[in-house]
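Note sheet for the following structure.
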Number of protein chains: 2
Amino acid sequence: MNTLSYGLLSLLSHSPLSGYDLTLRIQPFWPAKHSQIYPLLSQMEKDEQVTFETVAQSDKPDKKVYSITDKGIDSLREWLSEPASAPVLRDELMLKAYCVPLVDPSITRDLFQSRLEYYRNNLQRYEEKIRKIKETSDLDEGEVPAYRDPLFGAYILLNKALMSCRTNIEWCEWVLSAIPQDHT
Amino acid sequence: MNTLSYGLLSLLSHSPLSGYDLTLRIQPFWPAKHSQIYPLLSQMEKDEQVTFETVAQSDKPDKKVYSITDKGIDSLREWLSEPASAPVLRDELMLKAYCVPLVDPSITRDLFQSRLEYYRNNLQRYEEKIRKIKETSDLDEGEVPAYRDPLFGAYILLNKALMSCRTNIEWCEWVLSAIPQDHT
DNA sequence: TTGCACATGTAATAGGTTACATGATTGT
DNA sequence: ACAATCATGTAACCTATTACATGTGCAA
């Protein structure tokens, strides 16, 4: 049981999901490939943290839908009571930013322009998601789902994503404004 | 030559540093332990990206001070011309946040209170650092070091750190305000 | 004399990515 | 036929952490 497996349990605490869906949904919080997730799910099933049933689909291939067990819920509760380790951010752009005076401003501009577009795309996706949540659970302006509402977690996470995205966009724009237009 | 080795080159492009110092300084941008960095430096030395000289110190043990070579500078310039890969953030608190309705609000409050203190400490360290940079290079309010100034990189990175820190503090405080005071 | 910061290294293990492999189903 | 998405799995490789190992110089 490593952090990733607790992450999978956390997702499964909301609803049963296939390994495929788990892989897609865990990306924003803890990036991992299916090659890491499928074997983990097997282990967790042996350890009785999860169960699965094979579900036949008419339009798509069969899938294995995993559900969290009571033992899994207990594991989650214990894990929540332990302090969370510090976040780990690895960003190539930060390493590059440190030595940009080595190259032409045009190179640096491209770097930050690409990153700006990356964050703008993310922002759009997140805004769409939060719009949907607000729609389906009709929340008033500034209102937050109740603490015991299963949507509470998704809501505060989406807000974090939005806030971080906006801050990063602001930073990229500020950096771009500090890069000279011509070859210096 | 992986990302970490380019990161080391990036740091060395400003000034020569020991493996020990490199380990400390790269943490905010690309966390790595000395056990990963020392062998990498040996490889990079064999590959002529860096050179080192042993420096005797009277008050502390001897150290190996690494400098970037011209070949290393060329490598850096090429690397800067390639697009930067997407940032990777792994944060246990985000995984936990998703399933906090499973536990008492007091548990959740502790989680976010600790994280808030973590960010407040970081903010203080970053504010001190930027204060020192502004002091030594006497910048006016809102002024940014010139693009070719070696401090340009450090300055924009510190600003990113400050902005992110403040946003995260704001988020933690907002989440804490949404957690009920009593057992719900 | 014990502990701490500085300083460098290797070995074993765990975590994560890339590549290989297969197959269903739908739409073009 | 072909590409795209869905779906699951393994093998090889690379990256990163933890543990082991050693030693200096200083201060309490």
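A few notes on this one:
- The count of lysine pairs in chain A with alpha-carbon distances below 28 Å, taking only pairs 8 or more places apart or on different chains, stands at 24.
- Estimated distance in nm for a label pair at B:GLU141 and A:TYR38, the labels positioned 7 Å out from Cα along Cα-to-Cβ: 6.1 nm
- Debye, to nearest 20: dipole size of the protein assembly as shown, +1 on Lys, Arg Cβ, -1 on Asp, Glu Cβ: 460 debye
- Whole-number D in µm²/s for the range A:1-62 (Stokes-Einstein; Kirkwood sum over Cα pairs; 37 °C, 0.692 mPa s): 271 µm²/s
- Label spacing, shortest first and in nm, from A:TYR147 to its equivalents in the remaining copies (7 angstrom along Cα→Cβ): 5.2
- Taken as entire DSSP H runs, the helices of chain B that both span 20 Å or more between Cα atoms along their own long axis and average 0.0 or more on the Kyte-Doolittle scale are B:151-178.
- The accessible-area ordering, largest first, of the residues B:TRP79, B:TRP30 stands as B:TRP30, B:TRP79, per a 1.4 angstrom probe.
- Across identical copies of the chain, B:LYS46 has label-point separations of 3.7 nm, listed in ascending order, with the point defined 7 angstrom from Cα along Cα→Cβ.
- Annotation: extensible slack from B:SER114 through B:ASP59 equals 16.1 nm (criterion: 0.36 nm per residue apart, minus Cα-Cα distance).
- With contributions of -39500 (n - 2.57) from each DSSP H run of at least four residues, the per-residue ellipticity at 222 nm computed over the protein assembly as shown stands at -19500 deg cm²/dmol.
- Anisotropy class assigned to the range B:26-104 is oblate, per the alpha carbon gyration tensor with a/c at or over the 1.5 cut-off and a/b no larger than b/c.
- Exposed-site-free run, longest, chain B (rule: GluC sites (Glu not before Pro); DSSP loop; at most 12 other C-beta within 10 Å): B:49-140
- Each label point was placed 7 Å from the Cα along the Cα-to-Cβ direction; for A:ARG148 and B:ILE133 their separation is 4.9 nm.
- For chain B, the alpha carbon convex hull comes to 176 Å³ per residue, rounded to a whole number.
- For A:VAL50, the amide hydrogen comes within under 5 Å of the amide hydrogens of A:GLU45, A:THR69, counting only partners 5 or more places away or on other chains and with H modelled in the peptide plane.
- Other protein chain C-beta atoms within 10 Å of residue C-beta, averaged over A:158-167: 4.
- Set against the 2.2 N^0.38 Å expectation for a compact globular protein, the protein assembly as shown has a Cα radius of gyration ratio of 1.12.
- Chain lengthening between A:ASN2 and A:ARG25 when straightened (0.36 nm per residue, less Cα-Cα): 6.5 nm
- Accessible-area value, A:VAL144, 1.4 Å probe, nucleic acids and ligands omitted, Å²: 40 Å²
- Ordered by 1.4 Å accessible area with all protein chains kept, B:SER18, A:SER35, A:SER137 run largest first as A:SER35, A:SER137, B:SER18.
- Only Lys, Arg (+1) and Asp, Glu (-1) charged, at Cβ; chain B dipole about Cα centre in debye: 300 debye
- Heavy-atom accessible surface of B:ASP182, to the nearest 10 Å², is about 90 Å², with a 1.4 Å probe and all protein chains retained.
- Shielding of A:141-148 by partner chains, average beta-carbon count, 10 Å: 3
- Accessible-area value, A:LEU89, 1.4 Å probe, nucleic acids and ligands omitted, Å²: 60 Å²
The values are calculated or read from the model by the stated rules, or taken from the named source; none is laboratory data. The structure presented is a predicted model; accordingly, all values stated were derived computationally and were not measured. Cβ atoms come from the backbone with ideal geometry, glycine included; neighbour counts cover every protein chain shown. Side chains are part of the model used for accessible areas, which takes the heavy atoms of the whole protein and leaves out ligands, DNA and RNA. Shrake-Rupley method; radii C 1.70, N 1.55, O 1.52, S 1.80 Å.
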